[in-house]
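Have a look at the structure below, then the notes.
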Amino acid sequence: MPVLQIEGDDFTLDGEPFRIISGGLHYFRIHPGQWSDRLRKARLMGLNTVETYVPWNLHQPRPGTFRLDAELDLPAFLTLAAAEGLHVLLRPGPYICAEWEGGGLPSWLLADPDIRLRSQDPAYLAAVEGYFSRLIPPLLDRLATRGGPVLAVQVENELGAYSEDTAHLAHLADLLRRLGVDVPLFTCDQPADLARGALPGTLATANFGSNSRRGLAGLRTHQPVGPLMCSEFWNGWFDRWGGHHMVRDPAQAAQELDDLLSTGASVNLYMFHGGTNFGFTNGANDKHTYRPTITSYDYDAPLDESGDPTEKFEAFRSVIAKYAPVPAESAPGPGAKLAVPAIALTESTALFDNLPVLGAPASSERPLTMEQLGQDFGFVLYEAALPTAGPALLEVEEVRDRAQVFIDGQPVGVLERENHEHAIALTVPRAGSVLRLLVENQGRVNYGPGIHDRKGLLGRVRLNGAELTGWTNRPLPLTSLTGLAFGGGAEPVVGPVFHRGTFEVGTPADSFVHLPGWTKGNVWVNGFHLGRFWSRGPQYSLYLPSPVLRPGENEITVLELHAAHQARTVDLRATPDLGPTEE
C-alpha cells in the first residue's frame, strides 16, 4: 500500500497529490459476516478510505483479558478493507465517544473511586499503556509503512471539548510512536475547541456538519500550514429514547459536502454506515438530564442500518464524482429481507426464579456499584429486609439508571435517573418483607465530565429516614441465557419474565423484530443479543442481521421487564420502524 505524507498544505501518496475521501463504519457495530458487503459499498460510493474507532471496553473487558478475535478481529477487518482497495483511518482512542457505552472506556477503570479519566492520572495512564501494548503490536503490519491499509492514526478524540491537557495528548502520541506507529498522527476537534485540543507538531483536523467554509477557515486560522480535513462531516445524527428519529435532508447534506470538497479539503463522512449498538453497548448523554441512546445507530447515513443504500448514497456519489473517480459499477440495490409474522413465544420463566444461574450474590452493608461487583453491562439486583411494616418512604441517593422496585416479589414502582427520581412511597406488608431493586445500566455517559458514570445504586438507601443496611448484591450481566428453566402453560408470576419461541427459516435474510404490545426489555436470536426495546420509542423494531439466522429452526428470547403482549407474539418484518421524525 502507498504511504501517506504531509507536504505543505497537501497530502501525498507515494509522491502524488492525494485527497482523503473517507466514510465511517465501525466493525464493532456490524456483524462480521457483513463486513465485506459494507466495505464494497463504500468503494462503490466513491470512497477511497474508511474510518473506524476501536472500543477499548470490548477488546479489554477485564484488566487481565484481551480479545482480538471473532466480532472483534480488527486485523481481519483491516485485511478486508485492503482487499477492497480501501485505505483506513484508525481511531484507537483510548477514548472514542462514538455514542458508545462510556465512550469506549472500560467500566473496570471506575472501580477506582479516585481515578481521573482522560488525564495524566498515573492510574489511568498505566491502564492505557497496558491496553495499547496489547492492541498496537498486532496491528503494526496493517500500517501503510508495512504494506497495510492504515494511512493515519488519531490521537485521543476531541480532547479540546473535555480539557486543555496538551501534556496528555503528547503522552499518548509518544506512546503510539514508542509502540511502532510510524504513519502520520492527527487530532480532531470541533472548530471552537481547536486551541485546547490540538497537539503542536501533529496534524489538526476539524469536525462539523454544516458551514463547511467557516469550519475550514477556523481550522486554517489555527493551523496556517497543513492539509485541510473535516474528520467528522456529520451527515446525520443519533437518536435517544423518548425523542424523535433524527434525519437530515439528503439534498442539503449533499450541498454541504459539495461546498466542502470544492475547497480542496479532505473529508471523512460521519457516518457512511452507522450500524447497531448490539447488546448493552449504547452510550448516553448527561447535560443535567440523563439521555440514553437507542439501540439503532442508523444515523440517517448513506447506508441504512441493514446496509441498504439510502437517497444520500446516490446524492453523495454524484457529488464525489465531481472531484474524484467513482467506480463505473452501478449502485447496489436493497438486500433480501425476511418476514415471519406472529411468532408465538410459548415458553416462559421468571427472571427471579433463575437468579442462581444468572449471577452470584455478594453481601455488603451498603449497596455495591456495578463496577465494585466487577460487572460491565446489564442489571444488578439489590435485596434487603425491611425492618418495619406500614406506610413508608423509600429514598435512594442515586439510581443509575432505572430501578424497578418490588416488595415480596410484587412491583410497587419505578425510579428513573432520567426523571431525577430518588424517592417512592410504598406500603410494607410486614416486618421482614424483602425489598428488591432491579437496576438497569441504560448506558454509561459517553461525552463530557459525566463519563465518570458508575452504575447501580450509589450512596445510601433510606426507609423513613433510617439507612437500610445488610444488602445482597447480585450482578445480572445476561451474557449467557444458558440454564434458564423455561416451561410452558401457566402464566409466570408478576415481574421480569423471559419468553421463548421458535420459528422456521428457509433462506436466511435480514429482518426486523417488531414487538407491538410489549413494554421494555431485550431480545436475543439464537443467543445473539440484538439489543434493547422500549415502547416509549422512537425505535419500535430491532435489526436482525442475516448471519445470525440459520436454515431451519431458529430461537428467539425476549426479556420483558414489565408487561408482555397479551398473545405473547412478535413479528419479523421486512421493514424497520425507527419512529416519527421531528417536524
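Have a look at the DSSP beta bridges in the chain and tell me what percent are antiparallel, nearest 5. Please list the in-between numbers first.
On the way: 90 of 123 bridges.
Roughly 75 percent of the DSSP beta bridges within the chain come out antiparallel.
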How much length would be gained if the chain were fully extended between SER330 and GLU582, taking 0.36 nm per residue of separation minus their Cα-Cα distance, in nm to one decimal?
87.5 nm
Between the range 20-62 and the range 296-362, how many Å separate their Cα centres?
14 Å
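Just to confirm a number: summing +1 for Lys and Arg and -1 for Asp and Glu over residues other than ALA195 whose beta-carbon lies under 14 angstrom from that of ALA195, what do you get?
On the way: positive: ARG196, ARG220; negative: GLU158, GLU164, ASP165, ASP189, ASP193.
Within the 14 Å Cβ shell, the charges total -3.
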For the range 33-96 the mean separation of alpha carbon contacts under 8 Å (6+ apart) over residue count, i.e. relative contact order in percent, is 51 percent
Under 13 Å from a label point 7 Å along Cα→Cβ of SER36: give me every residue in the range 54-78 with its amide N that close.
77
Through the Karplus equation 6.51 cos²θ - 1.76 cosθ + 1.60, θ set to phi - 60°, convert the phi angles of the range 20-30 into ³J(HN,Hα) values in whole Hz; use x for Gly and Pro.
7, 10, 10, x, x, 8, 9, 3, 7, 9, 10
Amide H neighbours of TRP234 at under 5 Å, excluding residues fewer than 5 places away on the same chain, with H built from the backbone geometry, are PHE208, GLY209, TYR270
How big is the dipole moment of the chain about its Cα centre under a simple scheme where the beta carbon of each Lys and Arg is +1, that of each Asp and Glu is -1, and everything else is neutral? Debye, nearest 20, please.
500 debye
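Determine, from the Cβ-Cβ distance of THR289 and GLU397 and an R0 of 25 Å, the FRET efficiency 1/(1 + (r/R0)^6), rounded to the nearest 0.05. Before the final figure, lay out each step's value.
Working: r = 18 Å, r/R0 = 0.71.
Taking R0 as 25 Å, the efficiency between THR289 and GLU397 is 0.90.
ARG220 to ASN464: extension gain in nm, 0.36 nm per residue of separation minus the Cα-Cα distance?
Values: separation 244, 0.36 × 244 = 87.84 nm, distance 6.09 nm.
Length difference between fully extended and current span is 81.7 nm.
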If you average the C-alpha positions of the range 487-542 and of the range 115-169 separately, how far apart do those two centres end up, in angstrom?
38 Å
From a point 7 Å beyond the Cα of GLU129 in the direction of its Cβ, which residues of the range 169-211 have a backbone N at a distance under 20 Å?
169-182
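Per DSSP helix of 4 or more residues, -39500 (n - 2.57); summed, then divided by the residues of the chain. What does that give at 222 nm, rounded to the nearest 500?
Numbers: 10 runs with 93 residues, N = 583.
Using -39500 (n - 2.57) per qualifying helix, the result is -4500 deg cm²/dmol.
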Net charge over other residues, Cβ less than 14 angstrom from the Cβ of ALA324 (K, R count +1; D, E count -1):
+2
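Round to the nearest 0.05 the FRET efficiency obtained for LEU140 and SER119 when R0 = 35 Å and r is the Cβ-Cβ distance.
Working: r = 27 Å, r/R0 = 0.78.
Calculated value: 0.80.
Would you mind calculating the gained length between ASP73 and THR502 on full extension (0.36 nm times residue separation, minus the Cα-Cα distance), in nm to one decimal?
Values: separation 429, 0.36 × 429 = 154.44 nm, distance 3.04 nm.
The ASP73-THR502 span can extend by a further 151.4 nm.
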I want to check the label-to-label distance for ASP571 and ALA485. Put each point 7 Å from Cα in the C-beta direction and report it in nm to one decimal.
3.6 nm
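Over the chain, calculate the relative contact order: mean separation of alpha carbon pairs under 8 Å at least 6 apart, over the residue count, as a percent. Working shown, then result.
On the way: 1456 pairs, mean separation 86.7, N = 583.
Here the relative contact order equals 15 percent.
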Inter-part gap, Cα centre of the range 64-101 to Cα centre of the range 445-476, in whole angstrom, is 33 Å
Surrounding net charge for PHE272, when Lys and Arg each add one and Asp and Glu each subtract one, Cβ distance under 10 Å
+2
Packing-based order for 252-265, 97-110, 336-349, using average beta carbon neighbours within 10 Å, highest first
97-110, 252-265, 336-349
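FYI, it's all coordinate maths here, none of it is from the lab. Everything quoted here is computed from the prediction, not taken from an experiment. Neighbour counts are summed over all protein chains in view; Cβ atoms, including those assigned to glycine, are modelled from backbone coordinates with ideal geometry.
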